[in-house]
Structures are given as structure tokens and as C-alpha cells.
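Below is one structure, written out as C-alpha cells; the observations come after it.
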């Protein structure tokens, strides 16, 4: 399982400081990718898939969706975690931390 978090910052969108319109376009675009789980968070979108191609494709599709809104620039922050010693999805990663808080 490969997990990632992507955060896009559209610049020059003409909508002041709000980015929600462009982020909604990006999230909607990647939500349709088969075998990819996407979870919207306040500071980024977490995604998971069994292969790297889907992860990289999601980043590209998100960029294309934001570009279609007319922005002049996109800044991307991407974290990718490909764990090879065991299978662990996004929910299990959170559960692991929560169990240590008890």
C-alpha cells in the first residue's frame, strides 16, 4: 500500500485568499480514479493505492483540474510513504497513533 498527502496552492486565481473552488476541482477530479482512496483534510488530500502509478496520476490529474480554473501558478507539496515491510493503509496509520494515546 502506498499512501501520500498532496497539498496544492493555486496562485493567481483572482478569488482573493480563498482556494476552496480550485481545491474542490482537484478533489473531484481525483475522486473518480478507480482503486484510489482520497480523503480531504483541512491542509491537504490523503490518498492511497496499491501502485505508484495511481499516486502520480492523481497528482497530475489534480494539477490539470486546478490549471483548468485559470490559475497562473500551482505550488505543490507532496509526501509519499511506500512501506515495504508490511501493508498499512491510512486508517491503520492513524489507529496506530491513537492506540498509543490511550
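Output yes when any residue across segment 74-94 is under 14 Å from residue 10 (Cα atoms) and without any contact (Cβ under 8 Å) to a residue 24 or more places away in the chain, and no when none is.
No, because not a single residue in segment 74-94 is under 14 Å from residue 10 (Cα atoms) and without any contact (Cβ under 8 Å) to a residue 24 or more places away in the chain.
Identify, from the list 58, 4, 65, 26, the residue that is surrounded by 15 or more Cβ atoms within 10 Å (Cβ to Cβ), touching a helix residue (DSSP H, G or I) at 6+ places or on another chain (Cβ under 7 Å) and in a strand (DSSP E or B).
When all the criteria are applied, what remains is 4.
Checking residue 80 against (1) over 27 Å from residue 16 (Cα atoms); (2) surrounded by fewer than 16 Cβ atoms within 10 Å (Cβ to Cβ); (3) out of contact with any helix residue (DSSP H, G or I) (no Cβ under 7 Å at 6 or more places or on another chain), only one condition comes out false. Which one?
Single failed check for residue 80: (3).
Looking at segment 29-47, which of its residues are touching a residue at least 24 places away in the same chain (Cβ under 8 Å), part of a strand (DSSP E or B) and touching a helix residue (DSSP H, G or I) at 6+ places or on another chain (Cβ under 9 Å)?
37, 39, 45, 46, 47 - these are the residues of segment 29-47 that are touching a residue at least 24 places away in the same chain (Cβ under 8 Å), part of a strand (DSSP E or B) and touching a helix residue (DSSP H, G or I) at 6+ places or on another chain (Cβ under 9 Å).
I'd like to check something: does segment 11-22 contain any residue that is more than 22 Å from residue 92 (Cα to Cα), in contact with a helix residue (DSSP H, G or I) (Cβ under 9 Å, 6 or more places away or on another chain), assigned to a helix (DSSP H, G or I) and at pLDDT below 95?
Yes, the conditions are met somewhere in segment 11-22.
The values are calculated or read from the model by the stated rules, or taken from the named source; none is laboratory data. Note that this is a predicted model, so its numbers are computed, not measured. So basically every Cβ, Gly included, is an ideal-geometry build from the backbone, and we count neighbours across all protein chains shown.
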